[in-house]
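The values are calculated or read from the model by the stated rules, or taken from the named source; none is laboratory data. All values reported here derive from a predicted model rather than from experimental measurement. For neighbour counting, all protein chains shown are included, and Cβ atoms are generated from backbone atoms with ideal geometry for every residue, glycine included. What goes into the accessible areas is simple: the full protein's heavy atoms, side chains included, and nothing from ligands, DNA or RNA. Shrake-Rupley method; radii C 1.70, N 1.55, O 1.52, S 1.80 Å.
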Amino acid sequence: MSKHQLLGMSGSLRKDATNRFLLRNAARLYDNADFIEADLNLPLYDGDLEAANGVPDAVVRLTGQIAAADAVIISTPEYNKMLSGVLKNALDWVSRVKPQPWEGKLVAVMSAAAGRAGGERAQASLVAAMTPFQPRLVIGPEVAIAGSSGEFDADGRLNNERYEANLKKLMDKLRKAAS
């Protein structure tokens, strides 16, 4: 089994966000990968800023990380029944860079949210937002962690066997597609 480059993108900027915990658990279950968590603390997309200064260095770095990855895992919270603004902003910025790094890129999406649905609507809106970029989405099993603040231990490890089993299946499917 060769070592892969795995990029994680969290739709939450908080240091101890459950979506960051979910990404780290996914990377552990993906196994044998160099895992990088992208920094999505980017300026808001502004065409005037882009025209005056070009694409920010942080966006160029993110674009390079996407291009270099064998696979990308994205975890989003659900904000008002949608993906987070952090993720949408990152997608908007990356869409401005050529060549487009998302085209044909293997991507798996997941979510961790406070609500009972675990971010299912956020995942749907994330998939819709990514469709124009033509990634190779690896679909199912769905990983949507409901009541996420109670599903990770003090070290950030997922403590629900059912969620972990689905996450393992999704990561195995992603790894197989990347091999």
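Can you tell me which residues in the stretch 1-22 are in a helix (DSSP H, G or I) and open to solvent by less than 30 Å² (accessible area, probe 1.4 Å)?
Residues satisfying the conditions are THR18, ASN19, LEU22.
Do we have ASP46 as surrounded by fewer than 16 Cβ atoms within 10 Å (Cβ to Cβ) and at pLDDT 95 or above here?
The answer is yes for ASP46.
Here is a list: VAL109, VAL72, VAL60, VAL86. Which entry is modelled with pLDDT of 95 or more and open to solvent by 50 Å² or more (accessible area, probe 1.4 Å)?
Just one listed residue meets the conditions, VAL60.
For the stretch 151-171: of the residues being assigned to a helix (DSSP H, G or I) and in contact (Cβ under 8 Å) with a residue 24 or more places away in the chain, which is surrounded by the fewest Cβ atoms within 10 Å (Cβ to Cβ)?
LYS169
Of the residues in the stretch 126-149, how many are open to solvent by less than 40 Å² (accessible area, probe 1.4 Å), farther than 13 Å from VAL109 by Cβ and part of a loop (DSSP other than H, G, I, E, B)?
The number of residues fulfilling the criteria is 2.
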